[in-house]
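Read the structure below first, then the notes.
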Amino acid sequence: MATGYDYDDAPAETSSQDTGYDPNFVPDSVKSFVVHLYRHIREKNVYEIHQMYETSFQSLSERLFKETPWPSVDAVSHYVDKDHVFCLLYREMWFRHLYARSSPTLKQRIDSWDNYCSLFQVVLHGVVNMQLPNQWLWDMVDEFVYQFQSFCQYRAKMKNKTAEEIALLGQCEQTWNVYGVLNFLQALVEKSMIIQILEQEKEGLEQFTATDGYDYNGGSNVLKVLGYFSMVGLLRVHCLLGDYHTGLKCLLPIDISQSGVYTSVIGSHITTIYHYGFANLMLRRYVDAIREFNKILLYIFKTKQYHQKSPQYEQILKKNEQMYALLAICLSLCPQVNLVEETVNSQLREKYGEKMIRMQRYDDEAFAIYDELFSYACPKFITPSAPSFEEPLVNYNQDAYRLQLKLFLYEVKQQQLLSGVRTFLKVYSTISLGKLASYMEVDEPTLRTILMTYKHKTHAVDSEGKISSNADLDFYINDDMIHVVDSKPVKRYGDYFLRQIMKFEGVINDMDRVKLVD
């Protein structure tokens, strides 16, 4: 069913940046856009809403509002019966576009927070009788967390703040407050009953994942799907705060070993696995991180061409590169290459092969590479508390990042001796403690301490509280003799043949394009 209006074929209009921004000027194509969007939302026509949200909104933004905001909500409200909920949704899109195209003022940051508060209050305590596309609901949660992160970074840069900005900051303690953000996300999870719904689905009593969270019985999907995506939002917030245990705990109801509603939106899929993998890396659960990074990187490799026209395409490519950097870190600390598909491994070798060899040395150059990759690939950590407005004004927006980097490099340093132990254990199936001690130029008591440290550092506590090994080899000591148990990687012949078939198909396609001349 067509919307009845093609925004790309609309008559040429003067873009607002040509004439100076007038918040009350509403071009005809924008009038038509809000009228149609309002009608489709009232009719619960998810397909048309999705088309307008994903395509029409982007094309109008690109054509008319490349460097300026959309018309104000007051200017368009009378075209939509001044509908309160629609106006909240419009403002949510308005602020998202503003954040993407320019740097918002403090007043705009405060207004956006107030709009999210009103919108989520309606969802939590009102009667929301509409269906919205998963993409939009994901973007709401994603943008909510992003704007919280952006506000914390903005507030931490105190050095060049004007007296007016500082006075206004001092008056808005509740704006983008960390407890307020966490409370909203947690309230959406609890009120939606999503954890119980996912539990019932395992018993065959619910169809949440099978229907991608949509309600085909005339109900609303908004609260349930917002609750679902809020679990990913909580993981992300806790990662930004450096609380990885709590973050992973919030994600537990979602079984990421299976496809789910989180995989129905590419941005949600990538954000979930990126933060899941990073949290596991920081908790030394390297195997879990490697497995999930491998799966998502393989998925992006196979599907990224389908997202080239998507507004999220640049973000997909950026997260792809960051996850390769995190995978390089994981495999350098925990050499489990057998867990990585050949396609991903060849891409990894191309990007970081040389650096990974240097990272094994554990000298100053190796630490510099660990520092570089971590700094490039880590989330933008935040300090959630407000600054003291009385003290000399300094920028402290890098403090949280420096703390996490320090903790990470401390962990890397602790593994320095372990690299030497592993090198020797890979060579021998049995070796006496005395012989290994002389090779490593330490005494036997010190060697026993190093071996105990190796055992400790290659084991981690998983989400269920069980201790699991990250090591690709294990050992035990019996009568001063070390016995090594090496795990042999399983050869994947299927991957090799698939790669050769794809290369062969590429050659055939190239030959088909060649025109033979008589």
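A compact table of results
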{"quantity": "Filter pass, Tyr228 being in a helix (DSSP H, G or I), more than 27 Å from Gln200 (Cα to Cα), at pLDDT 95 or above and not hydrophobic (A, V, I, L, M, F, W, C)", "calculated": "no"}
{"quantity": "The stretch 349-365, residues that are assigned to a helix (DSSP H, G or I) and either touching a residue at least 40 places away in the same chain (Cβ under 8 Å) or open to solvent by 40 Å² or more (accessible area, probe 1.4 Å) (or both)", "calculated": "Arg349, Glu350, Lys351, Glu354, Lys355, Ile357, Arg358, Asp364, Glu365"}
{"quantity": "Contacts under 7 angstrom Cβ, first residue in the stretch 218-243 being β-branched (Val, Ile, Thr), partner not in a helix (DSSP H, G or I), 6 or more apart", "calculated": "Val222/Val128; Val222/Met130; Val222/Leu132; Val225/Gly213"}
{"quantity": "Residue check, Phe57 touching a residue at least 24 places away in the same chain (Cβ under 8 Å), of a type in the set (Phe, Trp, Tyr) and open to solvent by 10 Å² or more (accessible area, probe 1.4 Å)", "calculated": "yes"}
{"quantity": "Matching residues, the stretch 306-320, being open to solvent by 20 Å² or more (accessible area, probe 1.4 Å) and either free of Cβ contacts under 8 Å to residues at least 24 places away in the same chain or not charged (D, E, K, R) (or both)", "calculated": "Tyr306, His307, Gln308, Lys309, Ser310, Pro311, Gln312, Tyr313, Glu314, Gln315, Leu317, Lys318"}
{"quantity": "Near pairs, Cβ below 6 angstrom, 6+ apart or cross-chain, from the stretch 140-151 (under 19 Å from Val265 (Cβ atoms)) to any residue that is in a helix (DSSP H, G or I) and open to solvent by 10 Å² or more (accessible area, probe 1.4 Å)", "calculated": "Glu143/Arg96; Val145/Arg236"}
{"quantity": "Residues of the stretch 212-254 satisfying the condition of being among the β-branched types (Val, Ile, Thr) and open to solvent by 20 Å² or more (accessible area, probe 1.4 Å)", "calculated": "Thr246"}
{"quantity": "Neighbours by Cβ (under 6 Å, 6+ apart or cross-chain): first from the stretch 158-172, at negative phi; second part of a helix (DSSP H, G or I)", "calculated": "Glu165/Leu106; Leu168/Leu106; Cys172/Ile110"}
{"quantity": "Positions within the stretch 369-384 being surrounded by 12 or more Cβ atoms within 10 Å (Cβ to Cβ), in a helix (DSSP H, G or I) and not polar (S, T, N, Q), in sequence order", "calculated": "Ile369, Tyr370, Asp371, Glu372, Leu373, Phe374, Ala377"}
{"quantity": "Top-ranked residue in the stretch 37-50 [being within 22 Å of Ser310 (Cβ to Cβ) and without any contact (Cβ under 8 Å) to a residue 60 or more places away in the chain; ranked as most open to solvent (accessible area, probe 1.4 Å)]", "calculated": "Tyr47"}
{"quantity": "Residues located in the stretch 88-122, provided they are farther than 23 Å from Gln174 by Cα and crowded, with 16+ Cβ neighbours inside 10 Å", "calculated": "Tyr90, His97"}
{"quantity": "Condition check for Pro387: assigned to a loop (DSSP other than H, G, I, E, B) and either open to solvent by 80 Å² or more (accessible area, probe 1.4 Å) or touching a Leu at 6+ places or on another chain (Cβ under 6 Å) (or both)", "calculated": "no"}
{"quantity": "Subset of the stretch 329-339 (residues that are open to solvent by less than 10 Å² (accessible area, probe 1.4 Å) and either farther than 14 Å from Gln415 by Cβ or in a loop (DSSP other than H, G, I, E, B) (or both))", "calculated": "Cys334"}
{"quantity": "Test: residue in the stretch 382-393 that is among the aromatic types (Phe, Trp, Tyr), at pLDDT below 95 and more than 30 Å from Tyr476 (Cβ to Cβ)", "calculated": "yes"}
{"quantity": "Scope the stretch 252-278; condition more than 11 Å from the chain's Cα centre (by Cα), in contact (Cβ under 8 Å) with a residue 40 or more places away in the chain and part of a helix (DSSP H, G or I); matching residues", "calculated": "Val261"}
{"quantity": "Residue that is modelled with the lowest pLDDT [pool: residues in the stretch 367-381 that are within 15 Å of Ser332 (Cβ to Cβ) and either touching a strand residue (DSSP E or B) at 6+ places or on another chain (Cβ under 7 Å) or not charged (D, E, K, R) (or both)]", "calculated": "Phe367"}
{"quantity": "Complete set of residues in the stretch 390-426 that are in contact (Cβ under 8 Å) with a residue 60 or more places away in the chain, open to solvent by less than 70 Å² (accessible area, probe 1.4 Å) and farther than 30 Å from Arg448 by Cβ", "calculated": "Leu393, Tyr396, Asn397, Ala400, Gln404"}
{"quantity": "Test: residue in the stretch 435-443 that is open to solvent by 60 Å² or more (accessible area, probe 1.4 Å), in contact with a Leu (Cβ under 7 Å, 6 or more places away or on another chain) and of a type outside the set (Val, Ile, Thr)", "calculated": "no"}
{"quantity": "The stretch 113-133 residues that are closer than 22 Å to Cys152 by Cβ, paired with ones that are open to solvent by 20 Å² or more (accessible area, probe 1.4 Å) and of a type in the set (S, T, N, Q) (beta carbon under 7 Å, 6 or more apart)", "calculated": "none"}
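The values are calculated or read from the model by the stated rules, or taken from the named source; none is laboratory data. Worth saying up front: this structure is predicted, and the values here are computed from it rather than measured. We place every Cβ from the backbone using ideal geometry, glycine too, and count neighbours over all the protein chains shown. Surface areas here come from the heavy atoms of the whole protein model, side chains and all, with no ligands, DNA or RNA. Shrake-Rupley method; radii C 1.70, N 1.55, O 1.52, S 1.80 Å.
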